[in-house]
Amino acid sequence: MRGRLVAGNWKSNGNLASNQRLLGDVRAAAAGLRGVECAVCVPYPYLFQTQQLLAGAAVTWGGQDVSQFGAGAFTGAVTAVMLLEFGCRYVLVGHSERRSIFGESDAVVAAKFEAAIKAGLTPILCVGETLQEREAGVTEKVVSRQLDAVISNTGVAALAQAVVAYEPVWAIGTGRTATPEQAQAVHACIRGAVAAHDASVAGGLRILYGGSVKAANAAQLFAMRDIDGGLIGGASLVADEFMAICRAAARGQ
Ligand code: PEP
């Protein structure tokens, strides 16, 4: 059975004092959680603090981006090996904000995914369509293209070491969530696309939904057959809300 995962994406939010409270609250609430893994993806400067405050906790953590390069003359870039030194298990790759604001192409995202895999990190590969693409009826085409870029670069077997997050761009930070049926349809398409290469990798692949998930809509989304948890932005900054979402994802609830 696929494990459940709920990962928070803090984006460019937080400060030392507020992180201390948030991480303390998440740590305490996660101690009683069963049947779901809870993770937080924090800004780079807070990885040390996160590592200190979550040591020994039932919470894992990760970065929000990674360099496609190794060590060397790449000013401003943070390598996968550096993330590992701070105890990261995960790293977000190809978040729609990286693709749209920072201009990351499918090829760059695929190179970042490869760098994460080679270092032993678990990339959370984000894919998803814009509103315009959904309205044009090309959602599955776009998501398959984003996925194929990674599979053709690294091979399908690498997905056994990865997580995929379906995040419709129109649902991120907008308060507009995909319906459980809309999300399930794309999740099934992603699993089907991977199964066309390797059915066993597809069967074990955790596919998260992201886009305005809240405690109030989480249970319906997580009840869908191909939804294995969530990638949570805004709601991950509020411990009670985030932990309620984690509880909604727990198997056996
Ligand atoms: C995200 O940033 O990945 C995200 C899903 O954000 P939100 O939950 O705020 O829509």
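The values are calculated or read from the model by the stated rules, or taken from the named source; none is laboratory data. Every value quoted in this text rests on a predicted model; they were computed, and no experiment measured them. Note: ideal-geometry Cβ built from the backbone for every residue, glycine included; neighbour counts use all protein chains shown. Ligands, DNA and RNA are excluded from the accessible area calculation, which covers all protein heavy atoms including side chains. Shrake-Rupley method; radii C 1.70, N 1.55, O 1.52, S 1.80 Å.
Quick one: how many Å² of Phe74 are accessible to a 1.4 Å probe, rounded to 10? Result for Phe74: roughly 80 Å² accessible. Since only Ala57, Gly103, Cys189 are under comparison, the one whose Cα sits farthest along the positive direction of the charge dipole of the chain, derived from C-beta charges on Lys, Arg, Asp and Glu, is Ala57.
Placing unit charges on C-beta atoms (Lys and Arg positive, Asp and Glu negative, everything else neutral), compute the dipole magnitude of region 1-41 about its Cα centre in debye, rounded to 20. Intermediate values should be presented prior to the final figure.
Working: 6 positive and 2 negative charges, 22 e Å.
Here the size comes out at about 100 debye.
Projecting the Cα atoms of Gly128, Leu33, Leu47 onto the charge dipole of the chain, computed from C-beta unit charges around the Cα centre, puts Leu33 farthest toward the positive end. In a reduced charge model with +1 at each Lys and Arg Cβ and -1 at each Asp and Glu Cβ, region 97-171 shows a dipole moment near 220 debye about its Cα centre.
In square angstrom, what is the accessible area per residue of region 5-251 with a 1.4 angstrom probe? Walk me through the intermediate numbers first.
Details: 10140 Å² over 247 residues.
For region 5-251, the per-residue accessible area is 41 Å².
Rounded to the nearest 20 debye, the dipole magnitude of region 5-251 is 420 debye, with +1 charges on Lys and Arg beta carbons, -1 on Asp and Glu beta carbons, and the Cα centre as origin. Label positions at Val138 and Ala31, each projected 7 Å from the Cα along the C-beta direction, are separated by 5.2 nm.
To the nearest 500 deg cm²/dmol, what mean residue ellipticity at 222 nm is calculated for the chain from DSSP H runs of n ≥ 4 alone, each contributing -39,500 (n - 2.57), summed and divided by the residues?
Details: 11 runs with 110 residues, N = 253.
Per the formula, -13000 deg cm²/dmol.
For Phe69, nonlocal amide neighbours, meaning residues 5 or more places apart or on other chains whose placed amide H falls under 5 Å from its own, do not occur.
Note: relative contact order over region 88-197, using C-alpha pairs below 8 Å and six or more positions apart, is 29 percent. Find the relative contact order for region 5-251 and round it to a whole percent, using C-alpha pairs within less than 8 Å whose residues are 6+ positions apart. Relative contact order here is 21 percent.
What separates the Cα centres of region 177-220 and region 110-124 is a distance of 21 Å.
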